[in-house]
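Written out below as structure tokens is the structure these notes cover.
Nothing in this text is a laboratory measurement; each read-out follows from the coordinates by a stated rule. Please read all numbers here as calculations on a predicted model, not as lab measurements. Cβ placement follows ideal geometry from the backbone for every residue including glycine, while neighbour counts extend to all protein chains displayed.
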Amino acid sequence: MTFNHWVQGSSPCGPTTNSPRAVRGIFFDFLYLLVYHLVMQKYIDAHCHILSDESIWPAVACGVGQFVVNATTPDDWGKIVEVSNRDNRICGAIGVHPWYVSGWNDGVETQMSELLKNNPRLMIGEIGLDKNHPDLDLQESVFMRQLQIAHDFGRIAHIHCVGAWGKMMDILRGRDLPPAMVFHCFSGAPELAPELVKLGAFFSFGCGICDEKHIKMRDVVASVPENRILVESDAPDGAMPDKIPEIVAEIAKLRNVEFEQMADIIYNNTMGLLNGGKI
Ligand SMILES: [Zn+2]
């Protein structure tokens, strides 16, 4: 990948080729991309679970300047709060993921409220429903409680929903909701999007959309409102965040928009969301 390839609209982090090139040329290409992307910081990873510099640095070199880091259990909360307070590239979210709701109790709720009170930039996540995991009733009650806390503290909620869209919509309708909700790796039907938008939803897409077998998911990418599109890695379980430019390129292709234009739209969507949520 050279700078010329990149300005023509390809992803800056695409697969390398085996074409013979002088080491010096490769070095200067790399240096240029590095400096350019560091200056530009044109991507934001809207959902991941990583905090280490080793994991973040390759993405920073690809222009990913900020990372929304979600918790899965209260064990993550202390580290997320500490890192997000000292590193302005990290936007932290604390929550109990639907796979781990058995750990929810009054003490956990009190701890969550205290951390939110003391850290006004902190968001709520990852919370939600997952039909493929046990205790759906417990998942529902823990999700509703965390959603209410997100509303009460005026924080954005980062939501996981797998195979439970009927229940999700029933919960969201007619209830106090957070100022905005990010549906990560959005997998709902396109017909749900207009109602979700009215409720304050953003739709975040990951590397799954790059697989041509995921026809429904790719249809959704093409049809949701442009101003609600975000991009994510879900690292370390999805891709690593240095794949973000490739995902943006795929979204641009599916929506028939220039890569640069799509990158700008998604960046501005994410910045607007994060500022609107008072982080
Ligand atoms: Zn996640």
Alpha carbons only, please: Rg and Dmax for the stretch 143-185, in angstrom. 9.9, 28
Could you list Glu191, Glu250, Glu126, Glu82 so that the one with the fewest beta carbons within 10 Å of its beta carbon is first and the one with the most is last? Glu191, Glu82, Glu250, Glu126
Given labels modelled 7 Å from the Cα in the Cβ direction, how far is it in nm from Ala222 to Met144? 3.9
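Evaluated at 10 °C with a viscosity of 1.306 mPa s, what Stokes-Einstein diffusion coefficient in µm²/s does the stretch 154-279 have when Rh comes from the Kirkwood expression over alpha-carbon pairs?
Values: Rh = 14.8 Å.
My calculation gives 107 µm²/s for D.
If each residue's Cβ is checked for other Cβ atoms within 10 Å, how do Glu246, Glu212 rank with the fewest at the top? Mind dumping the intermediate values first?
On the way: Glu246 20, Glu212 8.
Ordered by Cβ neighbours within 10 Å, fewest first: Glu212, Glu246.
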If you line up the Cα atoms of the stretch 55-139 on their principal axes, what length do they span on each, largest first, in Å? 43, 31, 16
What ratio of Cα Rg to 2.2 N^0.38 Å holds for the stretch 42-276? 0.94
